[in-house]
Protein chains: 4
Amino acid sequence: MTESTRSRALAHVGSVELFTPTPDESLEFFTAILAMDRVGQRGDSVFLHAWDDYERFTVKLTAAATSGVGRTYLRAAGPDSLSGLVDRLEATGRAGRWVDDELGIGAAYLVDDPDGHEIGLYWETERYVAPPELRPALKNQAARFPGRGANVRRLDHVNYLAADIAPNAGFLADGLGAMLTEQIATVDGPPAAVWFTLSDKTYDLVYSADWTGSHGRLHHVAFATDTREDILRAADVCLENGIHIETGPHKHAIQQTFFLYVWEPGGNRIELCNAGARLMLAPDWPAVTWTPEERAKGQAWGLQTIPTFHTHGTPPVDVGE
Amino acid sequence: MTESTRSRALAHVGSVELFTPTPDESLEFFTAILAMDRVGQRGDSVFLHAWDDYERFTVKLTAAATSGVGRTYLRAAGPDSLSGLVDRLEATGRAGRWVDDELGIGAAYLVDDPDGHEIGLYWETERYVAPPELRPALKNQAARFPGRGANVRRLDHVNYLAADIAPNAGFLADGLGAMLTEQIATVDGPPAAVWFTLSDKTYDLVYSADWTGSHGRLHHVAFATDTREDILRAADVCLENGIHIETGPHKHAIQQTFFLYVWEPGGNRIELCNAGARLMLAPDWPAVTWTPEERAKGQAWGLQTIPTFHTHGTPPVDVGE
Amino acid sequence: MTESTRSRALAHVGSVELFTPTPDESLEFFTAILAMDRVGQRGDSVFLHAWDDYERFTVKLTAAATSGVGRTYLRAAGPDSLSGLVDRLEATGRAGRWVDDELGIGAAYLVDDPDGHEIGLYWETERYVAPPELRPALKNQAARFPGRGANVRRLDHVNYLAADIAPNAGFLADGLGAMLTEQIATVDGPPAAVWFTLSDKTYDLVYSADWTGSHGRLHHVAFATDTREDILRAADVCLENGIHIETGPHKHAIQQTFFLYVWEPGGNRIELCNAGARLMLAPDWPAVTWTPEERAKGQAWGLQTIPTFHTHGTPPVDVGE
Amino acid sequence: MTESTRSRALAHVGSVELFTPTPDESLEFFTAILAMDRVGQRGDSVFLHAWDDYERFTVKLTAAATSGVGRTYLRAAGPDSLSGLVDRLEATGRAGRWVDDELGIGAAYLVDDPDGHEIGLYWETERYVAPPELRPALKNQAARFPGRGANVRRLDHVNYLAADIAPNAGFLADGLGAMLTEQIATVDGPPAAVWFTLSDKTYDLVYSADWTGSHGRLHHVAFATDTREDILRAADVCLENGIHIETGPHKHAIQQTFFLYVWEPGGNRIELCNAGARLMLAPDWPAVTWTPEERAKGQAWGLQTIPTFHTHGTPPVDVGE
């Protein structure tokens, strides 16, 4: 896993499904605080769109008995890339199945990562068309700038928890052709966390060790804002609206992301993030490995990581968390 | 040129050479104002490195009789991509030649675009290693954050002037596999300007019409800052240091870039730019075409484009500019 | 007028009345774009409160046949200061009259400046108490942070037009004890504009020459935002909402204010401003005088002042403006 | 102490003296990181000027056996205000003495606060005149914008430690006419900290309880930056330069200041602060009192106050700190 390779068969993370036991409050969070708009509803799910997402939806919010992450959709770089990926997965014993059941998405090939998170690979997509009241002033933007709350521009990344990091990292690298960019080493075991990119962003998919040994859980889903100031303002907005601020705003040492972590009312951890002008332009980036000693220094500007960051995941599990 | 395709054979713009008739003053601009560091010298050229460039150098500043742009280096996505590109160029009658003469770069295949700008395609590169006094506190960063002037993080894009846009756009699309993302249409002629991307940035290479009919000239070279605030501060710094501010800070309607244009002492136009969280994630982006009527509205917030933006290029030509 | 003196008898600008021929649209502008809240209504007037104003209201928006400025309220530094001011005004032949007719304000002494703008001096004021739904999370703040539009924090200054600057400047300096901080000189006449402060802000009240020779008109009313980023975002919000952006965002050379000028739907010019950490701490500041040559350089970063900035005032007058 | 009154006899904090056992390293910190310039030297003291201070110097840095705070200078609002203050102090048994020994300052009346911090009251001051190489482009600014490090604009406030808060608060309110704006209450004792203003800033002088029972010590000296972004950048700069970041960037609940606390090499705690557009315009502000329960919530966005913030002061004392 130290040598990075990338197939570019996948273009980017398209959308993610979140489960919530408090659908009304969660919906209010995504629309009023994050500034997304409702673009559809099916059964227990509401579809939400961030203002500069070119596709039909960004988040599928599904009422459920508990919190957690559902399907994550990854868009292929082209139709041939998608079929190539499927061949590769099937050849390596990781076969999935085709479905065609999602709003705004054509046929999707569903596979589970080794930890049990469901991934949907797709090419065909419905381009978002803003309704008249959300039509942007500038035609190179998906919807009008909302001017409310945190104004998140787009989905940025998904950070899963996994009981065993190594096979999941292998799935991303070998199965999906993602490139490892940074990782946290442990003294004598597998990495404690791995950051992979599909794109020119420095990461799109992350695995952190699930200390409970559970499967299929979520650490957080992140949305990108245009500026760090948007994130500072989001902290004010969360404070005023009673949203639990877990930690931040501050800057990660790893990946140097400027961050704010909050818990949406359903319990899922949400990150607002900004990367400045940092991109992963190198096609042959040697992954950066952080040692436990380096990690002990805390975040970039010295903030110690708070305990819940290592213990809270969704859905919650009953191990004294 | 309306249908976008991308081969991803090229990864990103690597570096660019600028000519200057005032080498000392230009060097002072790039080091004190833009916050680059000197990393080498050969003959009449000084090599400069922006603080988060993973390669050996970002700008090659060459003393010359006049201003303008020299070689632009584009890094391939891999060794096979590079040989594939060369085959493609030679098959389409746009053959170049191999050289191996540049600091920090392996073998490069040189081709001229139809307008005469020299392009160097390469794969092998020397990774930048910071000297002790510039070693960064965070190991995932190339050099330490300078904390001076405009603190530009990396090269962003090159905007050429071309007497005839169409063949150059064709060269980028068909020869290099770049994807057209936005363009300015004219009433009944070829586009007045075209924006192409190699990466997930919304553009890397741009052609604007050269009203003088000259060849091989430069409109501007742009460097990315982490924040819009960095650009506002850069305007203060340029003001204090007598650097000519041509226009901005403001926001482009096209590509929505937050910009500041200044003229470095040698006469070349330099842009400082910030894109926020805007990226070109869609692999099948339908190019946005701006009409003359839309252009007449000025920049995003209504600023009228100043006349020199349409007339000044480097090197200067004697047509009453 | 070159020697500055200040009595500190007045503490700050309290509120201002604006007339609008389009009350519904103007109300929408002040609530949705500037993020003020309605706090009262009387007759044709709606009272609006900016989120950190400690007093009952910030703007009184009055439906009228045309646009323009009504009464400006200035709060005294104390009850004795107010009576001292009244004595001073009456002693210098500028007697006014006491009224007690305003929402949230006790007895006010009304005087007209020489150009005819109505000024109300008062001490007693009703402290703003947020209703439950607007109660702030932090008790040292008047109302909760709105998280919408431009999020203006408070009223900043009022800039009047006056047919003859000198007597109005004299009224501020001698009548009200304000301190001149900056001014624009003309070649051989009276100043073209004067900036006066009552507080530690660098200006609170401004007069600009009214080229039409009219009386009692308004150049603009300004509201302060916490950051320059708020102003950049406000420009996006105005763009999306069809609000006319006259000029900016940019930085004034005079007073160094970061600004955005828009016209509210009723026609009145509104400035959003940010001063950074710049304050007028010196009690003996020698006024800065800008020459016509210095003014010709444009704004701080070189932007040329647009013609309407010199011609548009409210109410409009029929002289070919 | 619950009723606030203000005489406005003092205008603002003028400058402060800091002692350092590591004068060379401290000087480097103030010049390279905070971006001050040397403006004089006398004996073991170097005088430093922040770029928009209208007076001769901002900080007097004095080599000494240990760290701590020396004289704090407060500028009077006028010559009569100064003599009135002196009369008041002498009448209340708090007599001091006149000296005339400081660079750039005329006669100063020295008094000790009850805890033993030396305060110098003065009116006559030498206006800072920038040398040619530091002359600003805009004439309403003291020196040119440095464009390096944290770019602090001016001194903001001094926060003393005091063994017994009450008499020192009484000294500020009754002796100097300062106005209490916020305070931290204890369950059944005197306040744990008090914030007083002389100006329209929300605070200029602060006392925090010295848990060691020592006298004359310093909690921190604060400098204002124009933006929060300047503070975020300062954190990067401190990180790169090995400056100890104690806590932040974050936002205080009390006074809502956006802050970064670092320890300069001599050990003194330095705050970089930004207040946005928050000002103390009300002349009759009822002081805000924070209860221990409210304090337990941490800073504005939930950050818990780190232990050293309550234990570290300068000079250090030998009580197991």
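The values are calculated or read from the model by the stated rules, or taken from the named source; none is laboratory data. Predicted model, so just to flag it, every value in this text is computed and none were measured. Glycine gets a Cβ as well: all are built from the backbone with ideal geometry, and neighbour counts include every protein chain shown. We work out accessible area using only protein heavy atoms, side chains counted, and drop any ligands, DNA or RNA first. Shrake-Rupley method; radii C 1.70, N 1.55, O 1.52, S 1.80 Å.
For the reader, a short list of remarks on this structure follows.
- Restricting segment A:116-130 to residues that are over 17 Å from A:A77 (Cα atoms) and touching a Gly at 6+ places or on another chain (Cβ under 6 Å) leaves a set whose member that is least open to solvent (accessible area, probe 1.4 Å) is A:H117.
- Qualifying position, being of a type in the set (S, T, Y), within 24 Å of C:E293 (Cβ to Cβ) and out of contact with any Cys (no Cβ under 7 Å at 6 or more places or on another chain), among C:T202, C:T227: C:T202
- Meets criteria (open to solvent by 60 Å² or more (accessible area, probe 1.4 Å) and either at negative phi or touching a residue at least 24 places away in the same chain (Cβ under 8 Å) (or both)) for D:P23: no
- Among the residues listed as B:D230, B:D284, the single one being open to solvent by 10 Å² or more (accessible area, probe 1.4 Å), within 14 Å of chain A (Cβ to nearest Cβ) and closer than 25 Å to D:D236 by Cβ: B:D230
- Condition check for A:V39: assigned to a strand (DSSP E or B), away from chain B (no Cβ under 14 Å) and open to solvent by less than 10 Å² (accessible area, probe 1.4 Å): no
- Checklist (1) in a loop (DSSP other than H, G, I, E, B); (2) crowded, with 20+ Cβ neighbours inside 10 Å; (3) not charged (D, E, K, R) applied to B:L85, failing item: (1)
- Meets criteria (open to solvent by 40 Å² or more (accessible area, probe 1.4 Å), closer than 22 Å to B:D200 by Cα and among the small types (G, A, S)) for A:S15: no
- The single residue among B:A209, B:A143 that is within 14 Å of chain A (Cβ to nearest Cβ) and touching a helix residue (DSSP H, G or I) at 6+ places or on another chain (Cβ under 6 Å) turns out to be B:A143.
- Scanning segment D:211-266 for residues that are of a type in the set (A, V, I, L, M, F, W, C) and over 18 Å from the mean Cα position of the chain (by Cα) returns D:W211, D:L232, D:A234, D:A235, D:V237, D:C238, D:L239, D:I243, D:I245, D:A253.
- Top-ranked residue of segment A:42-63 - restricted to ones that are outside any strand (DSSP E or B) and within 18 Å of A:A142 (Cα to Cα), ranked as nearest to the other protein chains (Cβ to nearest Cβ): A:Y54
- So B:F223, is it under 30 Å from B:G96 (Cβ atoms) and in contact with a Pro (Cβ under 6 Å, 6 or more places away or on another chain): no
- Taken over segment A:92-109, the criterion of being part of a strand (DSSP E or B) and either on the phi > 0 side of the Ramachandran plot or open to solvent by 10 Å² or more (accessible area, probe 1.4 Å) (or both) is satisfied by A:R97, A:W98, A:V99, A:I105.
- Top-ranked residue of segment D:42-66 - restricted to ones that are within 26 Å of D:S83 (Cβ to Cβ) and of a type in the set (K, R), ranked as most open to solvent (accessible area, probe 1.4 Å): D:R56
- Positions within segment B:144-154 being hydrophobic (A, V, I, L, M, F, W, C) and surrounded by fewer than 24 Cβ atoms within 10 Å (Cβ to Cβ), in sequence order: B:F145
- Condition broken by A:A222, with the remaining ones in (1) away from every other protein chain (no Cβ under 12 Å); (2) within 20 Å of A:S67 (Cβ to Cβ) satisfied: (1)
- Among the residues of segment C:239-272, the ones that are closer than 16 Å to B:H252 by Cα, within 14 Å of chain A (Cβ to nearest Cβ) and open to solvent by less than 10 Å² (accessible area, probe 1.4 Å) come to 1 in all.
- With respect to being on the phi < 0 side of the Ramachandran plot, assigned to a helix (DSSP H, G or I) and either open to solvent by 20 Å² or more (accessible area, probe 1.4 Å) or more than 11 Å from chain C (Cβ to nearest Cβ) (or both), D:E133 fits the description.
- If you go through segment C:287-306 and keep only what is in contact (Cβ under 8 Å) with a residue 12 or more places away in the chain and touching a Gly at 6+ places or on another chain (Cβ under 9 Å), you end up with C:Q299, C:W301, C:L303, C:T305.
- Restricting attention to segment C:1-36, the residues that are in a loop (DSSP other than H, G, I, E, B), within 14 Å of chain D (Cβ to nearest Cβ) and not hydroxyl-bearing (S, T, Y) total 6.
- Checked across segment D:95-106, the condition of being more than 29 Å from D:P265 (Cα to Cα), at pLDDT below 95 and more than 22 Å from the chain's Cα centre (by Cα) holds for at least one residue.
- Considering residues of segment B:170-201 that are over 30 Å from B:R228 (Cα atoms) and surrounded by 22 or more Cβ atoms within 10 Å (Cβ to Cβ) only, the residue nearest to the other protein chains (Cβ to nearest Cβ): B:L176
- Candidate set: segment C:154-169, residues that are in contact (Cβ under 8 Å) with a residue 60 or more places away in the chain and not charged (D, E, K, R); chosen: the one nearest to the other protein chains (Cβ to nearest Cβ): C:L155
- Of the residues making up segment D:79-114, those that are out of contact with any helix residue (DSSP H, G or I) (no Cβ under 9 Å at 6 or more places or on another chain), in contact (Cβ under 8 Å) with a residue 24 or more places away in the chain and not hydrophobic (A, V, I, L, M, F, W, C) are D:P79, D:S81, D:G84, D:E102, D:G104.
- When D:N140, D:N151 are checked against the criterion of being touching an Asp or Glu at 6+ places or on another chain (Cβ under 8 Å), without any contact (Cβ under 8 Å) to a residue 24 or more places away in the chain and under 30 Å from B:A35 (Cβ atoms), a single residue qualifies: D:N140.
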